[in-house]
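Engineer: One structure coming up, written as structure tokens, with questions to follow.
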Amino acid sequence: MFSTNLPQNHQPVTFQPGQCVISHTPANMNEGASSGGEKQELKFKRAILQDQNKPENMIQRQQVIRLTYLITAMDLTCLFMQIGIIPYLAKSLGLDSVGFGYLQTTFGVLQLLGGPIFGRFADKCGIRAALTLSYLSGSAFFLLVSISTSIPLLFLSRIPSVFMHGLPGAQMVITDLTTPAERADALGKLGLCFGIGVIIGSSLGGTLSTKFGVYFPSYLAVVASLISAMIVMTCIPAHTKPKSEGQATQQRTSQSSVFSLKEILRLLKLPGVKEVFLIKVLSGLPTGLFLIMFSIISMNFFGLEAAQTGYLMSYFGVLQMVVQGLVIGRLTSRFTERTLIMLSVLAFSGVGLAMALMTNVFHYCIIALPMVFALCTMGIITDSILTKSVPPSDTDLLLHNLSERLLAVTVRNSSVKEKNLCLLCADVYN
């Protein structure tokens, strides 16, 4: 009854009873249909990945990020309360500058050893378990400091610091829950939390230790760390990575050891990783070593009391907040990342020369301006570039395993001889 005009190359097809009837189309139409289906499949996969990036039935992505900022600020506040008072506590217990250098070296070595372990633990057990471990370790650290009535107990209090990696853990959350375009701004806001911790922690630690005793800030830090751990256990999702990426990360982690040289080489071979990371480590190493010795310099060379040291560190925190909140965002919108890295390296060079010539606190406050700018810009831009250079499943490994391992190799001899570095810097300033 019906007439159809079939193409010339169309061959009749016979069907057996019960056989499904499939429309027959020319080859070019099949190709168009398959390409359209592939596009729909890609869109579907992208939608799934975007949905997987959201925490599971607990709290929205932006709320998780805000909570991460909050607990990071609390953690850094507690940490800087201790940084301001530890030199004075050590001095009251009879520990000299050389002994304090060994104390700082112990802390640094434990942090370097614990960094890769923390990253692998986060890959296997999830970010919630990793952050909970970090904050519980912090509470144990502050508790041991609060009962350190002798030098051996003070050294013993450093042991829990092997798992204290709240800031790297927060970077993992921010990296997983932001797109590459949002990442630099989000990491910059995380730097604002660092500034808040420096300002509040330094000033509060110095004031409380002056009024209520050198151990009182430790009691407060124990309570704050426990509160942070409770927030993590109740409000932070167990995993922040998409399931496919998380499974790939766990599979790769289970197949390699914690200190896997193969993993280091694999990450270094990724395009753009080795060059940017070497710039990050080499440019920030001299300033980092100086900041490690800042407490000794402020106490012995500048002759500052605990409260005065806290106010000086608060000044650095204000500078950091201004730079990250008002400066870096505008610079990233006007200049390329390569230009900003070059500017940071030049600023580091000038800061190193100026620190060798300074003679008093006023000079130090002036030098702090370019130093804070260089530190903030270099840290944010390099982290943003590195996370864009690798697949999302490798960001944790890159930020919290490779960086700590290479830094450990770089500063191993410097850490062992930190007492000589302290004496050398004192001679230079004199």
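Quick note: the coordinates plus some simple rules give every number you see, no bench work behind them. Predicted model, so just to flag it, every value in this text is computed and none were measured. A quick note on method: Cβ atoms are made from the backbone with ideal geometry, for glycine too, and the neighbour counts reach across all protein chains shown.
Engineer: Mind ordering 333-339, 96-102, 72-78, 295-301 by average Cβ neighbours within 10 Å, highest first?
Structural biologist: On the way: 333-339: 11.4, 96-102: 16.7, 72-78: 24.9, 295-301: 19.7.
Ranking, from highest mean packing down: 72-78, 295-301, 96-102, 333-339.
Engineer: If you wrap region 53-127's Cα atoms in a convex hull and average its projection over all directions, what's the area in nm²?
Structural biologist: Numbers: hull surface 27.0 nm².
Averaged projected area of region 53-127's Cα convex hull equals 6.7 nm².
Engineer: Same structure, new question: In angstroms, what radius of gyration and Dmax does region 158-232 have, counting Cα atoms only?
Structural biologist: Values for region 158-232 (Cα only, Rg and Dmax): 15.3, 47 Å.
Engineer: Provide the descending list of Cα extents for region 100-159 along its principal axes, expressed in whole angstroms.
Structural biologist: Principal extents (largest minus smallest coordinate, Cα): 38, 20, 10 Å.
Engineer: For the residue pair Leu268 and Cys365, what label-to-label distance in nm results when each label sits 7 Å from Cα along the Cα-to-beta-carbon direction?
Structural biologist: Label at Leu268, label at Cys365, 4.4 nm between them.
Engineer: Please go through the residue pairs Lys91/Lys274; Lys124/Lys269; Lys124/Lys274; Lys91/Lys280 and name each one whose alpha carbons sit more than 31 Å apart in this structure.
Structural biologist: Numbers: Lys91/Lys274 42 Å; Lys124/Lys269 24 Å; Lys124/Lys274 26 Å; Lys91/Lys280 34 Å.
Result: Lys91/Lys274; Lys91/Lys280 exceed 31 Å.
Engineer: Something else: Please work out the Cα convex hull volume for region 113-218 and give it in Å³ per residue. Mind showing how you got there, number by number?
Structural biologist: On the way: hull volume 10.7 nm³, N = 106.
Given the Cα convex hull of region 113-218, per-residue volume reads 101 Å³.
Engineer: Can you give me the distance in nm between label points at Ser333 and Ala356, each placed 7 Å from the Cα along the Cα-to-Cβ direction?
Structural biologist: Result: 3.9 nm between the two label points.
Engineer: Where the centre of each part is set by its Cα atoms, how far does region 163-229 sit from region 55-107, in angstrom?
Structural biologist: Between the Cα centre of region 163-229 and that of region 55-107, the gap is 7 Å.
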